[in-house]
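What follows is one structure encoded as C-alpha cells, with my remarks underneath.
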Amino acid sequence: MPSSQTNQPRRTLLLTGASRGIGHATVKRFSAAGWRVITCSRHPFPENCPWEAGPEDHIQVDLSDEASTLEAIAETKRRLDGHELHALVNNAAISPKAGDGKRLSTLNTSKEDWHHVFQVNFFAPIMLARGLVEELKAAKGSVVNVSSIAGSRVHPFAGAAYSTSKAALAALTREMASDFGRLGIRVNAIAPGEIDTVMLSPGTERIVEQIPMHRLGTTDEVAKIIYVLCTDTSSYVNGAEIHINGGQHV
C-alpha cells in the first residue's frame, strides 16, 4: 500500500545565491529530500554542481538591478505555472572589499557601494517575498533570510555596508514575520558565523580560537537548519533568528 508521502505534491524551493558555499549545500540538502529547487544567481548554472533538473530550473539574475529582480520574479511565476511555492531562501549577498582586500568601513565605503550592497542584501529579499506572496500563501510556505553574525557586532573582515545590511535584514525578518504570518507564511532568519567556504578571509584562524567549539562550521550544518525552518518540524517558529556559530555570539 503506497505511503501518504507518495500522494503529496512535490514541494518547491526558490533559492538565491545558489552557486557556491551555503547555497550550494542547501540545493543538495533539499534535492536529497525530494524537493524541486529553483535556483537564482548572477552566474550561469554551474556545470560542476549538477543536480536533478538543474539547468532548466536555474534563473540567472542580477539582484543588484531592480528590473532584473522583477524579471526573475516573473520568470519564477512562469516556472511555477500556477503551482505553490513552499519556501523562499534569501541567501544571496555581497560584501565588497577595498583595493587591498581589506574591509570597507563607514569612512571609506562609497555611496555606490552602499546602494549596491543594500539592493542585493536587503531590498531583493523583500521584493522577492512580496512578488511571490500569493504562491507562498497558497502553500502556507516559509521564508528564510540568511543574515550574519556581522549583523550584531563589528566584524574584523565584514564591511560596514554588509554588516548594516544584515542588521537591517534581521529587523526586516521580524516585520515580515508579523505581516506575512497573518497570511500563514512563516518568516525566520539564520545568522551564520565563521563557515568553511572559499569566501573566508585570511586571519580567520584567529577568530576560530575564540569560538567555544574551536572549529569552523560547515555549509551542510547551515543547510540543515535552513531545511528545518522550511518544514513542519518548525511549524510554530516565526520571527526567529537562529545563531549558527558554535557559540561565537555568547
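Observations on the structure shown:
- Highlighted here are the helices (runs of 4 or more DSSP H) found entirely within region 63-146 that include at least 1 residues which are among the small types (Gly, Ala, Ser): 66-80, 124-131, 133-139.
Yes/no per residue for (1) modelled with pLDDT under 95; (2) surrounded by fewer than 21 Cβ atoms within 10 Å (Cβ to Cβ); (3) of a type in the set (Phe, Trp, Tyr):
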site	(1), (2), (3)
Leu63	no, no, no
Ala67	no, yes, no
Glu71	no, yes, no
Arg78	no, yes, no
Ser95	yes, no, no
Ser105	yes, yes, no
Ala138	no, yes, no
Ala150	yes, no, no
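- When residues in region 152-186 are screened for being at pLDDT below 95 and either acidic (Asp, Glu) or assigned to a loop (DSSP other than H, G, I, E, B) (or both), 8 of them pass.
- Region 1-18, subset modelled with pLDDT of 80 or more and not in a strand (DSSP E or B), residue surrounded by the most Cβ atoms within 10 Å (Cβ to Cβ): Ala18
- Picking from residues in region 32-54 that are outside any strand (DSSP E or B) and at pLDDT 65 or above, the one that is surrounded by the most Cβ atoms within 10 Å (Cβ to Cβ) is Trp35.
- With respect to the conditions (1) small (Gly, Ala, Ser); (2) touching a strand residue (DSSP E or B) at 6+ places or on another chain (Cβ under 6 Å); (3) assigned to a helix (DSSP H, G or I), Ala189 lacks only one, and its number is (3).
- Of the residues Ile185, Ile211, Ile244, the single one that is in contact (Cβ under 8 Å) with a residue 12 or more places away in the chain and either closer than 22 Å to Ala18 by Cα or of a type in the set (Gly, Ala, Ser) (or both) is Ile244.
- When each of Thr219, Thr204 is tested for being farther than 24 Å from Ala171 by Cβ, out of contact with any Ser or Thr (no Cβ under 9 Å at 6 or more places or on another chain) and not small (Gly, Ala, Ser), the lone residue that passes is Thr204.
The values are calculated or read from the model by the stated rules, or taken from the named source; none is laboratory data. Model, not experiment: these values are computed from the prediction. Positions of Cβ are backbone-derived with ideal geometry, glycine not excepted, and every protein chain shown enters the neighbour counts.
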